[in-house]
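The values are calculated or read from the model by the stated rules, or taken from the named source; none is laboratory data. Remember, it's a predicted structure, so these values are computed and weren't measured experimentally. In this analysis, Cβ positions are derived from the backbone assuming ideal geometry, glycine residues included, and neighbour counts consider all displayed protein chains. Just so you know, the surface numbers come from the protein's heavy atoms only, side chains and all, with ligands and any DNA or RNA stripped out. Shrake-Rupley method; radii C 1.70, N 1.55, O 1.52, S 1.80 Å.
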Amino acid sequence: MNWDEVRTRVGQEVHKRSDLLLYRMGVPPTAVQFNESPSRQPEFFFPAHGAQERADLLRTHLPAEALEIIHQADDIRRHHFRLLGYDDLDYGTEIDWHLDRVHGKRAPLEPWFKIPFLEFAAVGDHKITWELNRHQQLVTLAKAWLLSKDEKYVRELIAQWHSWMKANPYPLGINWGSALEVAFRSLSWIWVDQMLGDAPGYTELRRELLPALAFHGRSIERFLSTYFSPNTHLLGEAVALFFLGTLYPQIAAASRWQQTGWKIVLQAAQRQVHPDGVYFEQSLHYHVYALDFFLHARLLAAKNGLEIPGEYDSTLGRMLSVVQALSQAGPPEGFGDDDGGRVFNSRRNRTEHMTDPLAVGTLLYGREDLSAARLTEESIWLFGQQAVDAFPVENAFPVPLSAAFPNGGLYILANSQPYAQQMVVDAGPQGVGRCGHGHADALSVRLTMDGQRWLVDAGSGVYISKDPADRNTFRGTAAHNTMRVDGLDQAVCGDPFSWIAIPTTRVENWRSGKTFSYFAGSHDGYARLADPVTHCRYLVQISGGPALVRDVALGQKEHELEVLWHFGPDVEVSEARKNMLVASQAAGEGPALSMIVPDETEWQMEITRSLISPAYGRFQPAPLLRAHARLRLPAEIATLLRPHSAAIRQNSNLVSMRHVPVQVYELVDGDTNHGFCFALDKRPWNFGPWFSDAEFVYCRIESEKLVHLILVGGTYVAWQGQELLKAPGPSAFFEWRKQDAVLHAEPDQFSISPLFQKLTGGALPTESSTPSSTYAEKR
């Protein structure tokens, strides 16, 4: 610890003990001072009494969501709550604000800092209790009043607020145990205050609400997670402090809170986000979580005349680009932990809701490239008529483009034919620090196609439960689409929010051209074994064609190997024939996906069912494909993924051929052959008539004519000893395709021999086209 951390921690301990001592002496908490004449008039997202106009827009343009708000408000009046992934939790006539209703466990009414909230036996799952105490249900009641003008919703809101205040005397109870939870509750109360300005009976509540908000602000300031959890915890606390300081200048400490909160938010944008825009927790949910905090703070700052640094906007722009890149073919598939909560609307906590910030980004920055943006309830509350005008119709999905976010380790291999699709490989760090929200998912692959989830991340399950295995199962390697060795995880679990041994993932190569994408990477998560094992994964996506995933386990002795493929819950998987499976949507129409392994293989293919977690605490059965074998290393398996129409039956075969120093996989499909050649080391190689020193070669031959050729790395390719292509030095890649006259090389220094014309049936390319356009360039 440095001296600042020592001072901060000592100061927080002093506040804890002194607050408890005063409580036991019967001394009420010190009243927060107010200014009689605030020096400024703050502005919220909508003007005073402007909430009704936003509610009217919501009812007109998103009627189904408006009706859902009314239905949920009626459930809330009956004390039936939807929390995280749990539906219809009945809290009875009198709400027990310290109860985890799912597990029937109540946290003790003790000083908050003495409650072991991570111990299931003591409190149950604290996430469930805290979600109720964020008071986002009070915001729902306020919305319901605006939509219906029925005073019963205001009466219920007031009753629940008074019930909470009575049941949670500071400093007692679990609901003071996290400054982030205090911050969330503050934000909910702020929204209620802005929405209920002229509601009947609210004037009296507001006289009590303002001191309570001020006390919450003081608590946040005293117990900021500066050194305890300087991630979304600190960010959320800073945003709440900034909102309180900006919107309530009558509080004496308001200016200090505003400055402190805004300073921390700006620092978090610099420290918590990788240069490529990926949030450092290595989780899609936490990426969106943080982005929502950043966007809301940015909007309020602009409304109130604060200076917005250009660097801050650039960071938010990159974070938006990450979400858009992951959403090109459908809902962005999750990775890492799923907290289950949302900054604005707790109902929208599923994978398909992770694009919500794109609507705000489109309106805030005028970004026309955020094509996955849709009109949302949040955007109407924040922007009003401007949001309605910006999204008159839903955007169509654009042609997906491959992209790389190397700092966060996300690599997107995109294809537009026969359906819009994208594979995402996770090759980044497991997280930051002790990697509390990262999963043991190195080199895991996820596939989205035609707006649907096909190969998925299994989710998070729960954080805290009676059996620690419940947490470790979903963050372990077996819950992800990657290789497992000897039944072990790539990383070693510590407590629920830490890992003891963490793999290092290396990206060996990444290339994206006009007609292909290529990824090569490895990790050392199994180097801890007595016989160290390295997992290498190669992915090739051929535009308009198949994709190949090659898994290699390097070592010396015999090991049990597994490659796992988790499918979306709406996908049905069946065995078409030996070593070929077909996955299709339950309706049996539209796209299908064939998965083929080599005909002659020692690997066993097993279709089973497993559980995935679409939201915190919710579980759903889904198909699982498990390829497994006990082999002496080195060993490998290739899996070919071929999208097609469900009405078309595929009869392709995949053949494996090895001739040191090259491994070849050939897809035989009638009179068309697809050859995938992987060099096994740095030496020049030959296979049949082919000679090269390239790392990878793909060739497609139709009716004995070459129609598509790709080289990654190397300097030449020869046919029967005669050079076809030659570069003066090492190259990034070369690609040529007859179909659309593509010729592209990086660097553009290849010489092409006359023999090329003979092999291609006279289709000799003469001019290089312009370099390929990647998503990274577009953004």
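The set of residues in segment 330-345 that are buried (at least 22 other Cβ atoms within 10 Å of the Cβ) and over 30 Å from Val192 (Cα atoms) comprises Gly330, Pro332, Glu333, Gly334, Phe335, Gly336. Among the residues that make up segment 107-116, is at least one of them in contact (Cβ under 8 Å) with a residue 12 or more places away in the chain and either under 18 Å from Pro211 (Cα atoms) or assigned to a helix (DSSP H, G or I) (or both)? So far as segment 107-116 goes, yes, one or more of its residues are in contact (Cβ under 8 Å) with a residue 12 or more places away in the chain and either under 18 Å from Pro211 (Cα atoms) or assigned to a helix (DSSP H, G or I) (or both). Going through (1) modelled with pLDDT under 95; (2) among the hydrophobic types (A, V, I, L, M, F, W, C); (3) farther than 30 Å from Asp19 by Cα one by one, Val154 falls short only on (1). Can you confirm whether segment 182-198 contains a residue that is open to solvent by 10 Å² or more (accessible area, probe 1.4 Å) and modelled with pLDDT under 95? Checked against the condition, which is being open to solvent by 10 Å² or more (accessible area, probe 1.4 Å) and modelled with pLDDT under 95, segment 182-198 yields at least one hit. Candidates Arg471, Arg453, Arg550: the one that is surrounded by fewer than 23 Cβ atoms within 10 Å (Cβ to Cβ) and under 21 Å from the mean Cα position of the chain (by Cα) is Arg471. Comparison of Thr504, Thr515, Thr534 shows that the only residue that is open to solvent by less than 30 Å² (accessible area, probe 1.4 Å) and in contact with an Asp or Glu (Cβ under 7 Å, 6 or more places away or on another chain) is Thr515.
Number of residues in segment 101-121 that are surrounded by 16 or more Cβ atoms within 10 Å (Cβ to Cβ), out of contact with any Lys or Arg (no Cβ under 8 Å at 6 or more places or on another chain) and closer than 30 Å to Ser18 by Cβ equals 5.
Go through the residues of segment 725-734 one by one and say whether even a single one is touching a residue at least 60 places away in the same chain (Cβ under 8 Å), under 22 Å from Ala547 (Cα atoms) and either surrounded by fewer than 21 Cβ atoms within 10 Å (Cβ to Cβ) or more than 39 Å from the chain's Cα centre (by Cα) (or both).
Within segment 725-734 (the criterion being touching a residue at least 60 places away in the same chain (Cβ under 8 Å), under 22 Å from Ala547 (Cα atoms) and either surrounded by fewer than 21 Cβ atoms within 10 Å (Cβ to Cβ) or more than 39 Å from the chain's Cα centre (by Cα) (or both)), the answer is yes, since at least one residue qualifies.
One line per residue, one yes/no per condition, for (1) of a type outside the set (Val, Ile, Thr); (2) closer than 30 Å to Gly461 by Cβ:
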| position | (1), (2) |
| --- | --- |
| Ile70 | no, no |
| Tyr86 | yes, yes |
| Trp97 | yes, yes |
| Ala107 | yes, yes |
| Thr140 | no, yes |
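Report yes if Val432 is open to solvent by 10 Å² or more (accessible area, probe 1.4 Å) and more than 24 Å from Phe516 (Cβ to Cβ), otherwise no. When the stated conditions are applied, Val432 passes them. Being under 16 Å from Gly334 (Cβ atoms) and either over 16 Å from the mean Cα position of the chain (by Cα) or assigned to a helix (DSSP H, G or I) (or both) is the filter here; which residues of segment 456-468 pass it? Across segment 456-468, the qualifying residues are Val462, Tyr463.
Of all residues in segment 432-455, those being β-branched (Val, Ile, Thr) and either in a loop (DSSP other than H, G, I, E, B) or in contact with a Pro (Cβ under 6 Å, 6 or more places away or on another chain) (or both) number 1. Looking at segment 259-279, is at least one residue touching a His at 6+ places or on another chain (Cβ under 6 Å) and either open to solvent by less than 30 Å² (accessible area, probe 1.4 Å) or at pLDDT below 95 (or both)? There is at least one residue in segment 259-279 that is touching a His at 6+ places or on another chain (Cβ under 6 Å) and either open to solvent by less than 30 Å² (accessible area, probe 1.4 Å) or at pLDDT below 95 (or both). Residues that are in contact with a Lys or Arg (Cβ under 9 Å, 6 or more places away or on another chain), of a type outside the set (D, E, K, R), more than 30 Å from Ala615 (Cα to Cα) and not in a loop (DSSP other than H, G, I, E, B) within segment 548-574 comprise Val552, His559, listed in sequence order. Hey, does segment 70-82 have a residue that's open to solvent by less than 10 Å² (accessible area, probe 1.4 Å), of a type in the set (Phe, Trp, Tyr) and in a strand (DSSP E or B)? Yes, some residue in segment 70-82 is open to solvent by less than 10 Å² (accessible area, probe 1.4 Å), of a type in the set (Phe, Trp, Tyr) and in a strand (DSSP E or B).
Look at segment 22-53 and say how many of its residues are under 30 Å from Pro111 (Cα atoms), surrounded by fewer than 11 Cβ atoms within 10 Å (Cβ to Cβ) and not hydroxyl-bearing (Ser, Thr, Tyr). Final tally of qualifying residues: 7. Here Gln757 meets the list (1) in a strand (DSSP E or B); (2) of a type outside the set (Asp, Glu); (3) more than 30 Å from Asp551 (Cβ to Cβ) almost entirely, failing just condition (1). Within segment 645-675, being touching a residue at least 40 places away in the same chain (Cβ under 8 Å), in contact with a Lys or Arg (Cβ under 9 Å, 6 or more places away or on another chain) and more than 20 Å from Val712 (Cβ to Cβ) holds for Gln650, Ser652. If you go through segment 494-511 and keep only what is polar (S, T, N, Q) and not in a loop (DSSP other than H, G, I, E, B), you end up with Thr505, Asn509.
Taking residues in segment 57-85 that are touching a residue at least 24 places away in the same chain (Cβ under 8 Å) and at positive phi, and partners anywhere that are buried (at least 18 other Cβ atoms within 10 Å of the Cβ) and of a type in the set (Gly, Ala, Ser), the pairs with Cβ atoms closer than 9 Å and at least 6 places apart or on different chains are Leu84/Gly340; Leu84/Gly341; Leu84/Ser346; Leu84/Ala615; Leu84/Gly617. Taking the residues in segment 617-636 that are over 30 Å from the mean Cα position of the chain (by Cα) and part of a strand (DSSP E or B) as candidates, determine which candidate is farthest from Val573 (Cα to Cα). Looking at the filtered set, the residue picked out is Arg632.
Out of the residues in segment 637-654 that are open to solvent by less than 50 Å² (accessible area, probe 1.4 Å) and outside any strand (DSSP E or B), which is nearest to Ala458 (Cα to Cα)? Top of the filtered list is Ala646. Put simply, of Ala167, Ala199, Ala179 the only residue that is in contact (Cβ under 8 Å) with a residue 40 or more places away in the chain and under 23 Å from Thr260 (Cα atoms) is Ala179. Looking at Ala576, Ala530, Ala501, just one residue is more than 18 Å from Thr482 (Cβ to Cβ) and without any contact (Cβ under 8 Å) to a residue 60 or more places away in the chain, and that residue is Ala530. Looking across segment 117-144, the residues that are in a loop (DSSP other than H, G, I, E, B) and of a type in the set (Asp, Glu) come down to Glu119, Asp125. Going by what's in this entry, would Arg17 be described as over 36 Å from the mean Cα position of the chain (by Cα) and among the basic types (Lys, Arg)? Yes, satisfied.
Taken as a whole, the structure places Ala290 among residues that are crowded, with 24+ Cβ neighbours inside 10 Å, at pLDDT 95 or above, of a type in the set (Gly, Ala, Ser) and within 21 Å of Gly436 (Cα to Cα). Among residues of segment 128-156 that are over 24 Å from Ala179 (Cβ atoms), those with a Cβ under 8 angstrom from a residue that is among the hydroxyl-bearing types (Ser, Thr, Tyr) and part of a helix (DSSP H, G or I), sequence gap 6+ or separate chain, pair up as Leu141/Tyr153; Ala142/Tyr153; Ala144/Tyr153; Trp145/Tyr153; Val154/Tyr202. Considering segment 655-686, and only residues there that are within 28 Å of Ala741 (Cβ to Cβ) and over 39 Å from the mean Cα position of the chain (by Cα), the residue that is least open to solvent (accessible area, probe 1.4 Å) turns out to be Gly670.
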